[in-house]
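Data block below; observations after.
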Amino acid sequence: MEPPGHSKRKAPRRRDDRVILHFDLDCFYAQCVENQQPSLKTLPLGIRQKGILATCNYVARRRGVGKLTTLAEAKRLCPDLVIVDGEDLSPFRDVSKRLYAVLRSHSWNGKAERLGLDEIFLDVTDIVSYNLELLNRSSLAHSYFCLSRTDPEQGFEFDATSFSGCVHGDTNEADAARGDPLGDTLYMRLLLASHLAKYLRLKIEDEGYTAACGISTNKLLAKLVGNKNKPQNQTTLLALNEDAIFAFMDEHGLRKVPGIGSKVTRILEGFVLEKEIDRDMHSMECSVTAGQVRTHPLIQNPSVLDNLLGGRGSERGLSSKVWRLLHGVDDTEVKPARVVPTQISIEDTYKGLNDVSEIRREMGLITASLLRRMHADLLDEDDSQALTQNPSSSSSSRRWIACPRTIRLTTRPYTAPADGKPYNWARASRSTELPSFVFSQSMTSEQIVGRLVVETLMPLFQKLNPAPKGWNTGLINVCVANMAGPATGQGGGVRDIGVMFRRQDDLLREFRNDHGEGWGDEPGFASDDDDNIWDEHRGQTASQEEGSEQCPLCGHFLPSFAFAAHERFHSMEINGD
Ligand code: TTP
Ligand code: MG
């Protein structure tokens, strides 16, 4: 019998008309390094950033080493671990961009969304529907998958009587559908998508990189199911009815559901277990499953969640969003491929800089790296290679496809772990117009960097840090943003650039409104920017207990020394470059 005062349990409406692929590159930084030094492929390899391992290869993982392990712990677990410095992100960004281009080039509808450096969502609904129409019932085993509407030569042969890769789900349902495969279009759409996913993974492997892939009907399910078989594998979620989707979702720890943050987890876990949860005990682990919340007798609809999660300052729509996620419902679209990044930023962290010459030197290094990034990302594709190799020998044929109008300097003081103070997240920023000499074709990169540091960045630094000394600078970030069409006198524009930059303006507005200082989406998950539950953490300062602190973005608890690498990781995801 239903408890009094509660309406009937009602699942949110779902749509299963899309097919989404989610690619996650295996041990990404480690693969990049292995490709530079192939002899490392068979050895346990860790990629170091400021005292922790940002990642490690699967040889090391089999020896017990994990992501975000401290160097000392990793060495203890695996004494012969090879450790390579991963501070310079440029090679990772370059590979990320190249692999994204490979996947994006196969999209028909342009819906190819990059998340951080190594995850990509593709909405392949249109390609799959087209190929479903083409299937020949009488010879399914010898089917042909068309990759182009106009060129029938582009495609591959496949066996449409079975899935490619692993399948997760209800095999009884699958058997029933197999009796009349074409009778169940959802089954067949997922089956076709599994073959497309395999083809695309092989395309990535041609470039030297392996990935895991999840195949389902929305981003949430595709991302979750892709984790089932890693590395170098793929999993299709065969959940052909609502109950099968609930069964899949229910088994996940609450905190593992992308979009459910630590604060929500803590409240719901406390409610289910009927006890106060110590917030500092929280990590990505949670003893309560999504199913325990979804099926809780007192949580029958979002209005009950409202009472739990609502309250002053809570995000509008949070409870219905959590309710939908618990039921495996995620209507967020795969965002269209971005032609240019909304902004480019480079930063580094320090153990307290106080000397002006040190500040100037570090600013120079960051600015040089930023300029290289601008050349790679904002110059016409065909020409960027030449410019990257020799930026000072520019020719009039090279064009900027976008010109940032603003330069922003951000700094933050250093907090030593031993200080016993909460980690200082308070960044301060100053912006100004980006000088036009940055786009000069007659100056060398060194000259541009030199002028930018002296004429623009050091004055901004002085405004941000007016005291004559004792700055104790712990972080410097230089960012160019506010993309505009190509500057005049740069060899002309690009066709349809107006459309491109109207989109840019929208993206920038979104970014500025939601995340003033540049923080954005949940790590590891793309949610609608205007429907974002991650803001719950913004502005909080974590208390320092037992040497660990909570990331205000994802709620993950980390040792203090791990914050620099972790923060950089978030900043990459937000910048999307
Ligand atoms: P992940 O996809 O989380 O990790 P991964 O690709 O190394 O391993 P997996 O096979 O499990 O997918 O992150 C992608 C890259 O981001 C990773 O190679 C290193 C970097 N990274 C950080 O710099 N800091 C972090 O806190 C994490 C989690 C990742
Ligand atoms: Mg990965």
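The values are calculated or read from the model by the stated rules, or taken from the named source; none is laboratory data. Computed from a predicted model, the values in this text were never measured in an experiment. Glycine gets a Cβ as well: all are built from the backbone with ideal geometry, and neighbour counts include every protein chain shown. Please note that ligands, DNA and RNA were not included when accessible areas were found on the heavy atoms of the full protein model with its side chains. Shrake-Rupley method; radii C 1.70, N 1.55, O 1.52, S 1.80 Å.
Evaluation of Leu68 against the conditions (1) modelled with pLDDT of 95 or more; (2) open to solvent by 10 Å² or more (accessible area, probe 1.4 Å); (3) hydrophobic (A, V, I, L, M, F, W, C) shows that the sole unmet condition is (1). From the list Cys27, Cys32, Cys56, pick out the single residue that is within 12 Å of ligand 1 (Cβ to nearest atom), at positive phi and surrounded by 15 or more Cβ atoms within 10 Å (Cβ to Cβ). So the residue among Cys27, Cys32, Cys56 that is within 12 Å of ligand 1 (Cβ to nearest atom), at positive phi and surrounded by 15 or more Cβ atoms within 10 Å (Cβ to Cβ) is Cys27. Ile20 satisfies every condition listed in (1) within 14 Å of ligand 2 (Cβ to nearest atom); (2) crowded, with 22+ Cβ neighbours inside 10 Å except (1).
Per-residue answers, yes or no, for (1) modelled with pLDDT of 65 or more; (2) open to solvent by 60 Å² or more (accessible area, probe 1.4 Å); (3) not in a strand (DSSP E or B):
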{"position": "Arg451", "(1), (2), (3)": "yes, yes, yes"}
{"position": "Glu455", "(1), (2), (3)": "yes, yes, yes"}
{"position": "Pro468", "(1), (2), (3)": "yes, yes, yes"}
{"position": "Val478", "(1), (2), (3)": "yes, no, no"}
{"position": "Pro486", "(1), (2), (3)": "no, no, yes"}
{"position": "Glu517", "(1), (2), (3)": "no, yes, yes"}
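Taken over region 137-156, the criterion of being farther than 17 Å from Tyr199 by Cα, open to solvent by 80 Å² or more (accessible area, probe 1.4 Å) and of a type in the set (S, T, N, Q) is satisfied by Ser138, Thr150.
Can you spot a residue in region 382-399 that is open to solvent by less than 40 Å² (accessible area, probe 1.4 Å), at pLDDT 85 or above and not aromatic (Phe, Trp, Tyr)? Within region 382-399, none of the residues are open to solvent by less than 40 Å² (accessible area, probe 1.4 Å), at pLDDT 85 or above and not aromatic (Phe, Trp, Tyr).
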